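The values are calculated or read from the model by the stated rules, or taken from the named source; none is laboratory data. Keep in mind the model is a prediction, meaning the values are calculated, not measured. All Cβ positions, glycine included, derive from the backbone under ideal geometry; neighbour counts span all protein chains shown.
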Amino acid sequence: MAKTRRVPRQLRSREKYDQILASAKELIGKKGNDSVSMREISKHSGVALSSIYQYFDDKNAILQAIMQDFFNLVRQSIESSLEGCQSIDDLIVSMHRNIDAFYTILKRDPIFAMMWAGLQANPELVKDDAEDSQQNAHIITEKACIILGEEKRQEIYNATLLLVHMIGSTIRLALTMPEEEADRLVDEIKSLAKLRLRSFNI
């Protein structure tokens, strides 16, 4: 799997690092991941190609770094929304808020959706997407087990992992639809999440 080299801490190096990511994101948004080369990223960012390779082994590593920032943003939203949850109803509200927030992020910045699709189509990086879903499912499961107890932990984790994956797929599909139809799809996945979460309390 492609790996980003150590993220720089010095201000000047960090500025170069962020400049590379910003240029790559812009170019991929315009042309698609497969049509962008490291040389183009170098030219667009104004950072020498040799310097880019000090931070990233290859283009996959750049894509991985951009998407990791996105995954971290979503995870922070999930963790924050779960903090005050004390019941299944609270979990449902939290899930719905996170679906709305996720949808809003991707509508505001559809380049992330394009890059996410590219990540899933990349054999070297698709594991990152699965690992992200697993981490989010574990976070939600931990909170659900605090509320419900440990008896259904495996069932809760299995269902939550599938829900997390379905939410991502549904929102990516919604982004390709007219707004009214897209909103119906998002409402439907929220309803499915509500039904499954309520079933744990039976």
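Which members of the stretch 175-195 meet the condition of being of a type outside the set (A, V, I, L, M, F, W, C) and more than 22 Å from the chain's Cα centre (by Cα)?
So in the stretch 175-195, the residues of a type outside the set (A, V, I, L, M, F, W, C) come out as 176, 178-181, 183-184, 187-188, 190-191, 194.
Within the stretch 175-195, P178, E180, E181 meet the criteria.
In the stretch 75-101, which residues are of a type outside the set (K, R), within 30 Å of Y17 (Cα to Cα) and surrounded by fewer than 19 Cβ atoms within 10 Å (Cβ to Cβ)? Walk me through how you get there before you give the answer.
Filtering the stretch 75-101 down to residues of a type outside the set (K, R) leaves 76-96, 98-101.
Now restrict to residues that are within 30 Å of Y17 (Cα to Cα): 76-80, 98, 101.
Answer for the stretch 75-101, where residues must be of a type outside the set (K, R), within 30 Å of Y17 (Cα to Cα) and surrounded by fewer than 19 Cβ atoms within 10 Å (Cβ to Cβ): Q76, S77, E79, S80, A101.
Would you say L195 is at negative phi, of a type outside the set (G, A, S) and surrounded by 13 or more Cβ atoms within 10 Å (Cβ to Cβ)? Give the derivation first.
Working: at negative phi: yes; of a type outside the set (G, A, S): yes; surrounded by 13 or more Cβ atoms within 10 Å (Cβ to Cβ): no.
No, not satisfied.
For the stretch 28-53, give me the residue count where each residue is of a type outside the set (S, T, Y), surrounded by 20 or more Cβ atoms within 10 Å (Cβ to Cβ) and modelled with pLDDT of 85 or more.
First pass over the stretch 28-53, keeping only residues of a type outside the set (S, T, Y): 28-34, 36, 38-41, 43-44, 46-49, 52.
Right, trim to surrounded by 20 or more Cβ atoms within 10 Å (Cβ to Cβ) and you get 28, 33, 36, 41, 52.
Checking which are modelled with pLDDT of 85 or more leaves us with 28, 36, 41, 52.
Of the residues in the stretch 28-53, 4 are of a type outside the set (S, T, Y), surrounded by 20 or more Cβ atoms within 10 Å (Cβ to Cβ) and modelled with pLDDT of 85 or more.
Looking only at the stretch 86-101, count how many residues are charged (D, E, K, R) and not in a helix (DSSP H, G or I).
Filtering the stretch 86-101 for residues charged (D, E, K, R) gives 89-90, 97, 100.
Checking which are not in a helix (DSSP H, G or I) leaves us with none.
The total comes to 0.
Condition check: modelled with pLDDT under 85, over 22 Å from the mean Cα position of the chain (by Cα) and among the charged types (D, E, K, R). Does R6 satisfy that? Can you show your working first?
Working: modelled with pLDDT under 85: yes; over 22 Å from the mean Cα position of the chain (by Cα): no; among the charged types (D, E, K, R): yes.
It is false that R6 is modelled with pLDDT under 85, over 22 Å from the mean Cα position of the chain (by Cα) and among the charged types (D, E, K, R).
If you check D129 against the conditions, is it among the acidic types (D, E), part of a helix (DSSP H, G or I) and touching a helix residue (DSSP H, G or I) at 6+ places or on another chain (Cβ under 8 Å)?
Values: among the acidic types (D, E): yes; part of a helix (DSSP H, G or I): yes; touching a helix residue (DSSP H, G or I) at 6+ places or on another chain (Cβ under 8 Å): yes.
Yes, satisfied.
Looking only at the stretch 170-183, which residues are assigned to a helix (DSSP H, G or I) and either among the aliphatic types (A, V, I, L, M) or farther than 19 Å from S94 by Cα (or both)? Walk me through it before giving the result.
Quick first cut of the stretch 170-183, residues assigned to a helix (DSSP H, G or I) only: 170-174, 179-183.
I171, R172, L173, A174, E179, E180, E181, A182, listed by residue number.
So if I check each of I105, I146, I111, which one is aliphatic (A, V, I, L, M) and either closer than 21 Å to K190 by Cβ or touching a Ser or Thr at 6+ places or on another chain (Cβ under 9 Å) (or both)?
Details: I146 fails: either closer than 21 Å to K190 by Cβ or touching a Ser or Thr at 6+ places or on another chain (Cβ under 9 Å) (or both); I111 fails: either closer than 21 Å to K190 by Cβ or touching a Ser or Thr at 6+ places or on another chain (Cβ under 9 Å) (or both).
Exactly one residue qualifies, and that residue is I105.
Residues that are touching a helix residue (DSSP H, G or I) at 6+ places or on another chain (Cβ under 7 Å), under 18 Å from P110 (Cα atoms) and of a type in the set (A, V, I, L, M): does the stretch 183-193 have at least one?
Within the stretch 183-193, the first condition is being touching a helix residue (DSSP H, G or I) at 6+ places or on another chain (Cβ under 7 Å), and the residues that meet it are 185-186, 189-190, 193.
If we keep only those that are under 18 Å from P110 (Cα atoms) too, we end up with 185-186.
Applying the additional criterion that residues be of a type in the set (A, V, I, L, M) yields 185-186.
Yes: one or more hits.
Can E142 be described as modelled with pLDDT of 95 or more and among the charged types (D, E, K, R)?
Working: modelled with pLDDT of 95 or more: yes; among the charged types (D, E, K, R): yes.
The answer is yes for E142.
Taking the options A137, A117, A130, name whichever one is outside the structural domain of K25 (by TED's automatic domain parsing), small (G, A, S) and within 18 Å of S81 (Cα to Cα). Walk me through how you get there before you give the answer.
Numbers: A117 fails: within 18 Å of S81 (Cα to Cα); A130 fails: within 18 Å of S81 (Cα to Cα).
On inspection, the qualifying residue turns out to be A137.
Collect the residues in the stretch 142-171 that are more than 19 Å from Q86 (Cβ to Cβ) and surrounded by fewer than 16 Cβ atoms within 10 Å (Cβ to Cβ), keeping them in residue-number order.
Scanning the stretch 142-171 gives Q154, E155, N158, L162, M166, S169.
Being more than 26 Å from the chain's Cα centre (by Cα) and among the hydrophobic types (A, V, I, L, M, F, W, C) is the filter; apply it to the stretch 23-62 and report the residue that is nearest to D109 (Cα to Cα).
V47
Looking at the stretch 132-158 only, could you name the residues that are in contact (Cβ under 8 Å) with a residue 40 or more places away in the chain, more than 14 Å from the chain's Cα centre (by Cα) and part of a helix (DSSP H, G or I)? I'd like the intermediate steps shown before the answer.
Step one: list which residues in the stretch 132-158 are in contact (Cβ under 8 Å) with a residue 40 or more places away in the chain, which gives 132, 135-136, 139-140, 143-144, 147-148, 152, 155-156.
Among the residues that remain, those that are also more than 14 Å from the chain's Cα centre (by Cα) are: 139-140, 143-144, 147-148, 152, 155-156.
Across the stretch 132-158, the qualifying residues are I139, I140, K143, A144, I147, L148, E155, I156.
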